[in-house]
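Input: a single structure, listed below in structure tokens.
The values are calculated or read from the model by the stated rules, or taken from the named source; none is laboratory data. None of the values given here were measured: they were computed from a predicted structure. Here the Cβ positions follow ideal geometry from the backbone for every residue, glycine too, while neighbour counts run over all protein chains shown. Only protein heavy atoms, including side chains, enter the accessible area calculation; ligands, DNA and RNA are left aside. Shrake-Rupley method; radii C 1.70, N 1.55, O 1.52, S 1.80 Å.
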Amino acid sequence: MKRILIYASVLLILIIAILPFITGNLEKEELNAETRAKLEGSFIKLTDGYTHYQIDGSEDAKTIVLIHGNAAPYISWDNNYNALVNEGFRLLRYDLYGHGYSDRPKHKVYNRDLYDRQLSELIEALGIKEPIYLVGTSQGGSICAYYVAQHPEKVEKIALLAPLFDEFEGKRNAELMKSKYFGEYLMSVIGDKMLTNPSGVLSSEEKKEELSAKLKEQFYYKGKKRAVLANMRGDAISDATVYYEQIKKQGIPVLLTWGVNDRSIPEASMERLCELIPEVQYHEIRNASHLAHYEFPEEINPLLINFFVSKTK
């Protein structure tokens, strides 16, 4: 019996050791001047590294800044971007650090100050006139809230699409990933599959395949999984209630949408946000999952346009 236990233990250790090699690693290329030159979009050097962005529309028009979440980088706005530009707005979308084609800074943690600094520097570097309109989805929503808390005079309106507020599904798993070494091991084994599979944030099989293909293209560049761990280990996905309170305090108009099939942001969280900001314009999107703006642009785009076109009271 003792010998069997020894063999079993050795076998388990071997399995643990070879799993990362069996599962593979999509990250093959370095993000550098040579590789950036072959990629679409524009790049700008900021304090913490290069940021990948796209900006269109008249410089005299009101600027809308689109901020994505963890599920997908700025490509998640593919079905919304042109619709807003065509309405006469100036549009800016960009990849947060660690996502898409933006750099993956080698910080131990990615916190709210990092994302706020990236947004602030990007707006200043591009000469964008303020106040601006913000649109944030998932963690991008809490980034918007933090930006308002730090720069209330620079934001006129905010649209929050299933934003991270106080709770999210999978928080317990995220806490596990914070553990040093354990998090790195799990990410090396399941990271590629987990982070390129949008099944949990979309309903349509067609849209899942489409977005998965886009995500895999951007996973070729090293540092993505490390950046995801750094994000989990910072304060960026913690309760953001205190920052949303500043939106209420400043009286900034808010549009809020949530998909009834969302498995990432609980309905109860959105109910608490509506209680915190009673004046919010709230819309539930039937049949939609977490990335409703990507999957149901025919419903989300008119809501965004009407919200931003309407006069501020």
Q.
Considering only protein heavy atoms and a probe of 1.4 Å, how much of the accessible area of region 44-94 is carbon and sulfur, as a whole percent?
A. 37
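Per the 1.4 Å probe, what fraction of the accessible area of region 98-191, in percent, lies on carbon and sulfur atoms? Write down the numbers at each step before the final one.
Values: 1900 of 3720 Å².
The computed percentage sits at 51.
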Q | Computed lengthening from GLN54 to VAL260, 0.36 nm per intervening residue step minus Cα-Cα distance | A | 71.1 nm
**Q.** Surface accessible to a 1.4 Å probe, per residue, for the residues of region 50-149, Å²
**A.** 30
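Could you do me a favour and compute the accessible area per residue for region 202-256, 1.4 Å probe, result in Å²? It would help to have the intermediate numbers written out before the result.
On the way: 2440 Å² over 55 residues.
That works out to 44 Å² for each residue.
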Q: Taking amide H positions as placed in the peptide plane 1.01 Å from N, state which residues far from LEU31 in sequence (5 or more) or on other chains have amide H under 5 Å from it.
A: LYS222
Q: Heads up, I need the accessible area for GLU156: 1.4 angstrom probe, whole protein in place, Å², nearest 10.
A: 50
Q: Multiply the residue separation of ARG36 and LYS222 by 0.36 nm, subtract the distance between their alpha-carbon atoms, and state the gained length in nm to one decimal.
A: 65.6 nm
Q: Please report, in whole Å, how far the alpha carbons of region 135-246 spread along each principal axis, starting with the longest.
A: 43, 36, 25
Q) Once phi is turned into θ = phi - 60°, what whole-Hz ³J(HN,Hα) does the Karplus curve with 6.51, -1.76 and 1.60 give for every residue of region 248-258, x standing for Gly and Pro? A) 4, 4, 7, x, 7, x, 10, 9, 10, 10, 8
Q) Are there chymotrypsin sites (Phe, Trp or Tyr not before Pro) in region 111-214 that DSSP marks as loop and that have at most 16 other Cβ atoms within 10 Å, and which are they? A) TYR181
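Could you compute how fast region 250-305 diffuses translationally, taking Rh as the Kirkwood radius over C-alpha pairs and applying Stokes-Einstein at 25 °C with viscosity 0.890 mPa s? Give it in µm² per second.
Numbers: Rh = 11.8 Å.
Stokes-Einstein gives a translational diffusion coefficient of 209 µm²/s.
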**Q.** region 206-264 - percent of accessible surface contributed by carbon and sulfur, probe 1.4 Å
**A.** 46
Q: Specify the residue with the greatest mean-square fluctuation among THR35, THR257, THR137, computed from a Gaussian network of the chain linking alpha-carbon atoms under 10 Å apart.
A: THR35
Q) Residue-wise, which Karplus ³J(HN,Hα) couplings in Hz belong to region 46-54, taking 6.51 cos²θ - 1.76 cosθ + 1.60, θ = phi - 60°, and x for glycine or proline? A) 10, 3, 9, x, 7, 10, 8, 8, 9
Q) Once the whole set of protein chains is in place, how much accessible area is left on GLU205, using a 1.4 Å probe, in Å² to the nearest 10? A) 120
**Q.** Per-selection metrics, region 200-313 (Cα): Rg and Dmax in Å
**A.** 16.7, 47
